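Report on the following structure.
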Amino acid sequence: MCKFANANPAAIAVAVTLLAAAICAVLIVLLRPVLQRYALARPNARSSHKIPTPQGAGIAVIGATLVVGGAFASVNGFAPLTSLFVAVPLLALVGLVDDIRPIPVLPRFVLQALAVGLVVFTAPDDLRLLPIPLAIERTLLLIAGLWFVNLVNFMDGLDLMTVAEAVPVTAMLVLFGIFGLLPWPVTAIAAALGGAMLGFAPFNRPVAKVFLGDVGSLPIGLLLGWSLLQLAWQGSIAAALLLPLYYLVDATLTLLRRMARREPFWAAHRAHFYQRATDNGFTVAGVVGDVFVLNIGLAVLAGASVVLRSVAADAILIVVGLGAVAVVLRRFSQPRVRPSGGA
């Protein structure tokens, strides 16, 4: 797993998580006055917040993840991480500029493709998912990576929403790593990202004092996507799909619905199921709580998939996962009925 002499992998993972959480929290405290001055997100018709709120705490999340995760992940050598550690800051820089002064769609998309492509096309040729030509598979992975990076950004629209997604996913990835089912670098990066999100959580709980911003949500999407791809390359494709299944379904159905209506799907909006839930009378805490519980359930299904290692079991688990997601999406789509008060 890793070359720490006489070390317990679980203890190391916990240490990485706690250290990243502490560093992230300290950085947010130091950065918040600057963000308050230069990166204020003002409410608009598509926002879920009501008061101007500083954005850019993703600087702290990504900084803590790269510093702590990189230090522990590189114990076996840094070379396998080089492309990731170039691509993530590049994507963070694109997000930072876009937070302050929006970048037009096409150049923003090209820069995102460059960052994702650095990760996808520099991976070893022996890492394969499908029995198709390598160039075609890597092109498909580039498209999937671009979608995943953007959907994480799209889904970062409520207080604690990204925490509710990233923490269960990274926790299960770390658990896989502890049992030797993932390479150590992936385990260390996942532990650091999960810890950084925990350090960010107290500042983002309703009503949020600070937001991630694109500087956080875009590279978080790349880090999660890279980690899930590594899991798929280990032969656990079903688990890699189950872990982010809520994000995948909500964002994809929303995109398809907007395209069918000939709406500008690349523009900001309030059409996601979780956003419609707040319009339907759900509280932010209620929505995020439902998503968090759902994601824990999906993580359990992913764990079962890795343990069972059966095509039939994977099919059943994915159907169960889709059913659970469908229940939550249907609930979010319907107006919440509040009990009437007594006389």
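Readers should treat all values here as calculations from the given coordinates under stated rules, not as data from a laboratory. Everything numeric here is computed off the predicted structure, so don't read it as measured data. Reconstructed Cβ throughout: ideal geometry from the backbone, glycine too, with neighbour counts over all protein chains shown.
Starting from the Cα gyration tensor of the range 154-263, take the square roots of the eigenvalues, sort them a ≥ b ≥ c, and report rounded, prolate or oblate (rounded when a/c is under 1.5, otherwise prolate if a/b is larger than b/c, else oblate). It comes out oblate by the Cα gyration axes.
Selection among Val287, Leu93, Trp226 by position relative to the dipole of the chain gives Val287 as farthest towards the positive end (Cβ unit charges, Cα centre). For Phe211, nonlocal amide neighbours, meaning residues 5 or more places apart or on other chains whose placed amide H falls under 5 Å from its own, are Gln55, Gly56, Ala57. Basic side chains Lys and Arg get +1 at the Cβ, acidic Asp and Glu get -1 at the Cβ, and with that the dipole of the range 50-199 about its Cα centre reaches some 140 debye. Put a dot 7 Å past the Cα of Val327, heading toward its Cβ, do the same for Ile100, and the two dots end up 4.7 nm apart.
Note on the range 196-244: along the principal axes its Cα atoms extend 41, 18, 14 Å, ordered by decreasing extent. Diffusion coefficient of the range 52-99 by Stokes-Einstein, Kirkwood radius over Cα pairs, 25 °C, 0.890 mPa s: 208 µm²/s. Our helix-only sum for the chain, with -39,500 (n - 2.57) per DSSP H run of n ≥ 4 divided by its residues, gives a mean residue ellipticity at 222 nm of -23000 deg cm²/dmol.
Find the percent of Cα-Cα distances in the range 160-225 that exceed 19 Å, and round it to a whole number. Percentage above 19 Å: 31. Normalising by residue count, the range 210-294 has a Cα convex hull of 126 Å³ per residue. Only Lys, Arg, Asp and Glu carry charge here, each on its Cβ (+1 for the first two, -1 for the last two); on that basis the range 111-209 has a dipole of about 160 debye about its Cα centre.
Neighbours of Asn280, meaning other residues whose beta-carbon lies under 10 angstrom from its beta-carbon, give a summed charge of +2 when Lys and Arg score +1 and Asp and Glu score -1. The range 123-174 and the range 182-210 have Cα centres lying 17 Å from one another. Under 5 Å from the amide H of Phe282 lie the amide H atoms of Arg336, each residue being 5 or more positions distant or on a separate chain, with H modelled from the backbone and absent for Pro and chain starts.
Once the Kirkwood radius over Cα pairs is known for the chain, the Stokes-Einstein relation at 20 °C and 1.002 mPa s delivers a diffusion coefficient of 105 µm²/s. Put a dot 7 Å past the Cα of Leu18, heading toward its Cβ, do the same for Ala71, and the two dots end up 1.4 nm apart. May I ask for the net charge around Leu31, where only other residues with Cβ less than 15 Å from the Cβ of Leu31 are counted and Lys, Arg are +1 while Asp, Glu are -1? Result for the local shell: +2.
Here the Karplus curve 6.51 cos²θ - 1.76 cosθ + 1.60, taken at θ = phi - 60°, turns the phi angles of the range 180-189 into couplings of x, 9, 9, x, 4, x, 5, 4, 5, 5 Hz, with x standing for Gly and Pro. When the Gaussian network model of the chain links Cα atoms closer than 10 Å, the mean-square fluctuations of Leu27, Leu106, Leu317 top out at Leu106. Once the convex hull of all Cα atoms in the range 67-160 is built, its volume per residue stands at 132 Å³. Over the range 1-142, the fraction of Cα-Cα pairs per 10 Å bin, rounded to whole percents and listed from the shortest bin up, is 10, 27, 32, 23, 9, 0.
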